[in-house]
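Data first, discussion second: the structure below is written as C-alpha cells.
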Amino acid sequence: MWIGTDDTDSLQGGCTTYVATELILKFMENGYDLIGFPRLVRLNPNIPWKTRGNGAICLKVGKGGGKRIRIGEAEGNEIVSYSRMKSQGDIDEIVSMVDDVISQHIRKDADAAFVVSSRKFPYALYRKAVREIVEIEEIKKFLDENGIAHKYYRKGRGLIGASAAISWRPVDRTYELIAYGSSRWIDKESVMEMDRKCSSTFNNYDYRNDYIAILPKAKSPVFYGIRGDDAEELVKAREMLRKAEEERWIIFETNQGTDEHLQRKKIGEIKPYESVIVRGRVKKEPKDIKGGHVIFSIYDGEEMECAAYEPTKEFREVVRELKEGDEIVVYGGVREKPFTINIEKMEVKKLADVYEKIANPLCIKCGKRMKSMGRGKGYRCQRCGARANENEAVYKRIKRKIKPGFYEVPVIARRHLAKPLKRMAS
Ligand SMILES: [Zn+2]
C-alpha cells in the first residue's frame with residue numbers, strides 16, 4: 001500500500017519527515033512492514049505559499065518479504081525495511097493508523113493531508129508538481145474519480161504533495177540520513193572529516209563560509225541530515241560524526257540533488273514560479289544593486305533578467321566577470337516580482353572577445369595622438385584638424401578572469417533539488 005502525506009509541518013516548526021518516522025513506528029508496532037526506503041519528495045521550490053523546503057513523504061507498507069535491511073533506529077530499536085511486498089494489508093486499518101498519527105502531530109496552521117492507494121499514480125503528476133503549479137481541484141477530481149482513500153484537515157492543499165509523492169519514481173535518486181533529537185552539539189571538525197572521507201556525500205560543509213550545512217536552517221526536530229548517493233555510506237558517515245546521541249535516525253530515498261525541477265526553455269516561454277534552463281548571450285552587463293545582489297540580463301531574441309542574490313556569496317564574484325556577448329546557460333528558479341531568474345548554477349559556453357582602449361588614434365600627417373571629442377564622438381588632431389572614428393583607436397584584447405565551464409552557488413546557498421556539480425560529473 002502506498003501512503004503519501006504532506007504539509008504535516010508548518011512555518012512555525014515541526015517537520016514532515018519527523019511525522020513520517022512516527023508513522024513508520026506506528027506501522028511496525030501493528031505488524032506492518034516498510035517496503036523499500038521511505039521517500040522524501042521535494043516539489044516545486046518556487047511556490048509562494050509553500051512551507052519550508054516543500055517536501056512530501058511517500059511510504060510503502062504491507063507484509064514484507066525478500067531482503068531485510070536496517071535503515072534507521074528509534075529510541076534504541078532498529079527500523080528495518082524489506083525489498084519486496086508479500087501482501088498489501090488492510091486499507092481501512094492503514095487509513096485509521098495514518099489518521100491517528102497525523103491528527104496527533106498536526107499543527108494548527110498546517111494544511112495536512114494524506115492519501116492511501118494500492119496502486120501507484122502516473123509519473124506525470126509528479127513531473128507537474130515539481131515543475132509547475134498543480135491546482136487542488138485537479139487533485140481532488142483525480143482522487144474522487146479513482147476512488148482513492150484520502151483525508152485532509154483544512155483546505156486540502158497537502159493533497160497535492162501527498163499525491164505527487166506517490167507518483168514519483170526514482171529514475172535519478174539520492175538519499176538523506178536524517179537524525180532527530182533534542183541535544184544538539186556536534187563537532188565541526190568531525191563534519192569536515194566526514195565530508196572529506198565520504199566521497200558519495202554532498203552539501204555537508206561550506207569551507208569558505210564556515211557553514212555546517214547538515215544542520216537545519218530553522219527551528220526543527222531535525223538534528224542533522226547527511227545527503228549522498230550511497231545509502232550504505234551514509235550509515236558510515238553518521239558513525240564518523242562526533243555528536244550528541246540522536247533519539248532516532250532514518251534514511252530517506254529522495255529526489256534531492258537531481259535537478260528534476262528544471263525545464264529547458266526559450267526566454268519567451270518562461271513563466272513565474274518555474275525553474276528553468278535557458279541559454280542566451282549576456283546583454284546588460286552585471287551590476288551590483290542595493291543589498292549586495294548582482295543583476296544582469298541575457299538575450300536569445302528576447303531579454304530576461306538574471307540575479308545572483310547576496311546569499312549566493314562568492315558565486316557573485318563569477319557573475320560579475322560576465323561581459324556583453326558571453327554565451328551562457330543559466331539554471332534557476334523564476335520569481336514573479338521582479339520577473340527574474342534566481343541563478344542556482346550556470347555554464348559559461350563561450351566567452352566574448354572583450355577589448356579595452358589603450359591609446360587614441362595617431363594622426364598620420366602629424367604623428368601625434370588625436371584628442372577625443374567626447375564619448376562616442378570620435379577623435380580630432382589638435383594640430384591639423386584631421387578626424388578619426390572610435391574604432392581607429394588602439395585596442396587590446398583583455399584577458400578574461402573566468403573560463404568556460406560550470407559554476408554553482410556555494411553549499412551555503414544550495415537548494416534541495418539543485419544537482420551539485422559533484423553529481424553532474426559522475
Ligand atoms: Zn594632425
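Given a Förster distance of 41 Å, report the FRET efficiency between Asn391 and Glu269 from their Cβ-Cβ distance, rounded to the nearest 0.05.
Result of the calculation: an efficiency of 0.65.
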Subject >> Dimensions (Å) - segment 108-255, Cα atoms, principal axes, largest first >> reply: 54, 35, 29
Subject >> Cα gyration tensor shape for segment 355-397, rounded if a/c is under 1.5, else prolate or oblate >> reply: oblate
Subject >> Three-way shape label, segment 174-254, alpha-carbon gyration tensor, a/c 1.5 >> reply: rounded
**OP:** Averaged over every viewing direction, what's the projected area of the C-alpha convex hull for segment 304-389? Give it in nm², one decimal, please.
**Re:** 8.3 nm²
Subject >> Surrounding net charge for Thr174, when Lys and Arg each add one and Asp and Glu each subtract one, Cβ distance under 15 Å >> reply: +1
Original post:
How many nm separate the modelled label positions at Lys284 and Ala425, each set 7 Å beyond the Cα in the direction of the Cβ?
Top reply: 3.6 nm
Subject >> segment 1-103 - Debye-derived log10 I(q)/I(0), Cα point model, q = 0.15 Å⁻¹ >> reply: -0.63
**OP:** May I ask you to list the lysines whose Cα is less than 25 Å away from that of Lys63, ignoring any residue fewer than eight positions away on the same chain?
**Re:** Lys26, Lys86, Lys120, Lys151
Subject >> Solution diffusion estimate, µm²/s, Stokes-Einstein, the chain, Kirkwood Rh from C-alpha pairs, 20 °C, viscosity 1.002 mPa s >> reply: 89 µm²/s
Subject >> MRE, 222 nm, helices only [DSSP H, n ≥ 4, -39500 (n - 2.57), over the chain, to nearest 500] >> reply: -6000 deg cm²/dmol
Original post:
For segment 365-426 and segment 58-115, what is the separation of their C-alpha centers, rounded to whole Å?
Top reply: 59 Å
Original post:
Out of Glu73, Glu260, Glu132, any idea which swings most in a Gaussian network model of the chain, alpha carbons joined below 10 Å?
Top reply: Glu73
Original post:
Just how far, in whole angstrom, is segment 116-174 from segment 182-204 if you go by their alpha carbon centroids?
Top reply: 34 Å
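None of the figures in this text is laboratory data; all of them are computed from the coordinates on show. What you see is a predicted model; the values in this text were computed from it and never measured. With ideal geometry, Cβ positions are generated from the backbone for all residues, glycine too; neighbour counts draw on all protein chains shown.
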